[in-house]
Amino acid sequence: MGTGKGFGKTILFGEHFVVYGFPAIASALGTYTTADVKVVDGKGWIVDDQRPATPGYKKKKYDEAMQSIENVIKYLNIDTKKQKLEITFSGDLFAASGVGASAAQCTSLARALNNTFSLNLDDEKINAAAYEGEKAYHGTPSGIDNTASTYGGLIWFVKNLSGGKNTMDLLHSPKKIPLVIANSGITASTTEVVADVRHLKEENPEKFEKIFSDYKELANNAKEALLKGDIVNVAKLMNQNHKLLQEITVSGEINDKLVDMALNHGAIGAKMTGTGRGGLVIALVESKELQEEVAKIIEKEGFDAWKTQIG
């Protein structure tokens, strides 16, 4: 029997823009998904998914999850014709759109298979296996989710659109920044939303050229602010990033409601994160006291809220 973990993540800057080769900044979370693999008599594989999740999330993602498991098993050349794998997913990462749940699942499985069959894979190879699994969820994934899930920490990520090695730099902030994650309870299809943005870009090339230019400058400023531990500027740039996401139509009404709620009750920066049109919103606060206050307000309005930190 083998066990493996995959961290959850939040994208601080750059979701959707990363698909077009622009930088994104992601932070791994302290919560994770665990995979346990047991080899028994028989053939094939079965899954017991015990992860806590947004209602309906696992049902909606079921087909993609099964294909992702198959992808990882095949990529690692695990023979299931003469042996059967019993796979159990658990952990404290709450599966929801925008928290890297699919990548955490893929990464945890890759690590568990590596552990079970003594494959001696390093992090780079684990990351590659997780990326193969992510293809089932995202079609052509950016790679940022599985990278954060595999390596942890704060990551500056640029996808190589030519198919070469992606840029992945670990960033070190001098400050730990309190964060509140608000869950809208709505699960959106990443593949569908990414396709919608691409179609909109093709219809409005000049508009998107301006948006891309604004985002590129924002991303570089955000990197500098994080390296300095300049929380106020990081928050300001988060607010600007949210407005750009509104412009490309990926922030839904529920996302905007949660952003406004957080900003009106003590957060200094807030934005949707991940796929959008539901999913999650992240809110940056300056103290543990304000973090508690923002989380309570969100929960009072009937939404789940989690407290964590980045940096």
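The values are calculated or read from the model by the stated rules, or taken from the named source; none is laboratory data. No experiment lies behind these values; they were computed from the predicted model shown. Because the Cβ atoms are built from the backbone with ideal geometry, glycine has one as well, and the counts that use them run over all protein chains shown. Surface accessibility is based on the protein's heavy atoms, side chains included, excluding ligands, DNA and RNA. Shrake-Rupley method; radii C 1.70, N 1.55, O 1.52, S 1.80 Å.
At most 12 other Cβ atoms within 10 Å plus a DSSP loop assignment makes a site exposed; report the longest stretch of the chain without any exposed trypsin sites (Lys or Arg not before Pro).
177-311
What list of whole percents do you get for P(r) of the stretch 84-151, with Cα-Cα distances grouped in 10 Å bins up to the one holding the largest distance?
Cα pair-distance distribution for the stretch 84-151, in percent: 22, 54, 24, 1.
With all protein chains present, how much of the accessible area of the stretch 162-311 (probe radius 1.4 Å) comes from carbon and sulfur, to the nearest whole percent?
47
Identify which of Leu245, Leu227, Leu171 has the largest mean-square fluctuation in a Gaussian network model of the chain, with springs joining Cα atoms closer than 10 Å.
Residue with maximal mean-square fluctuation among Leu245, Leu227, Leu171: Leu227.
Label-point separation (nm) for Thr3 and Lys257, each offset 7 Å from Cα along Cα-to-Cβ?
Here the answer is 4.0 nm between the modelled labels.
Is the shape of the stretch 168-311 best called rounded, prolate or oblate, per the rule: a/c under 1.5 gives rounded, else a/b larger than b/c gives prolate, else oblate, with a ≥ b ≥ c the square roots of the Cα gyration tensor eigenvalues?
oblate
Given the rule -39500 (n - 2.57) for each run of at least 4 DSSP H residues, summed and divided by the residues of the chain, what is its mean residue ellipticity at 222 nm, to the nearest 500 deg cm²/dmol?
Value at 222 nm, helices only, nearest 500: -14000 deg cm²/dmol.
Mean-square fluctuation check for the chain, GNM, Cα pairs under 10 Å: which of Asn146, Asn220, Asn127 is largest?
Asn220
How would Ser68, Ser118 rank on accessible area, largest to smallest, probe 1.4 Å?
Ranked list, largest accessible area first: Ser118, Ser68.
Just round it to a whole percent: the fraction of Cα-Cα distances in the stretch 1-118 exceeding 25 Å. The partial results should precede the final answer.
Working: 1796 of 6903 pairs.
Percent of Cα pairs beyond 25 Å in the stretch 1-118: 26.
Would you compute, for the Cα atoms of the chain, the largest minus smallest coordinate along each principal axis and list the three values in descending order, in whole Å?
57, 43, 35
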